[in-house]
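Reviewing the structure listed below.
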Amino acid sequence: MDNYKQLKISIWMVVVSLLFGLMLGVTVAQGQGNTGMQEVKEGYELETIDYYLPYPGILPDSPFYWLKMVRDRVGLWLSFNPLQKAEKLLLYADKRLGAGYSLVDGNKIKLGVTTLTKAEKYLEKANMIANQINGEEELKIKLDKAIRKHKEVLEMIENKIGEEYGLVMGQMIEKINY
């Protein structure tokens, strides 16, 4: 019985440590940004937006992804300042864009497109909140670059997916010009 109690305590410590790590946003980064997302299209090089995407961390195909979602929702719920909320929404949008790109690149197209859709919803909310805030030109400039980067990445992904999701991608690209 004593061993069972020790095992139970050890498991709880591991679970609490994982939750605490996710709540703090601790991720192991393999580099900063997706700078290798440049392709050649019809004989000319696409313009690359000088905006680096953060490392996405845990991807939606992970069994622990739900913990990240809980952490993100709690973080948004605890953000009372509109500026902080817009910045968090932008960060979440950028991370999901990178995650969606990775999933599509890993041939998990359906999950990748779903993740990209969520990324664009976060970006749209961030843009809406930023437009309601007077001043904060720095955030608006950052959002403008982010919107252009999202469009650039979505256009690259559109070339990698089949016709099945082409309509959804086209709608996302069209809608991104809020």
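The values are calculated or read from the model by the stated rules, or taken from the named source; none is laboratory data. All of these numbers come straight from a predicted model, not from anything done at the bench. Methodologically, a virtual Cβ is constructed for each residue, glycine included, from the backbone with ideal geometry; neighbour enumeration extends over all protein chains shown. Please note that ligands, DNA and RNA were not included when accessible areas were found on the heavy atoms of the full protein model with its side chains. Shrake-Rupley method; radii C 1.70, N 1.55, O 1.52, S 1.80 Å.
The conditions are (1) open to solvent by 40 Å² or more (accessible area, probe 1.4 Å); (2) under 17 Å from Ile49 (Cα atoms), and Ala146 fails exactly one of them. Which is it?
Result: Ala146 passes all but (1).
Write out, first by first residue and then by second, each pair whose Cβ atoms fall under 8 Å of each other, whose residues are 6+ apart or on separate chains, and whose first residue, in the range 113-137, is under 22 Å from Glu152 (Cβ atoms) while the second is among the hydroxyl-bearing types (Ser, Thr, Tyr) and open to solvent by 60 Å² or more (accessible area, probe 1.4 Å).
Here the result reads Glu124/Tyr178; Asn127/Tyr178, each pair linking the range 113-137 to a residue that is among the hydroxyl-bearing types (Ser, Thr, Tyr) and open to solvent by 60 Å² or more (accessible area, probe 1.4 Å).
Looking at the range 60-105 only, could you name the residues that are surrounded by fewer than 15 Cβ atoms within 10 Å (Cβ to Cβ) and polar (S, T, N, Q)?
Ser62, Asn81, Gln84
Could you name every one of the helices (runs of 4 or more DSSP H) located completely within the range 105-175 that has at least 2 residues being within 20 Å of Leu91 (Cβ to Cβ) and within 16 Å of the chain's Cα centre (by Cα)?
109-132, 137-158
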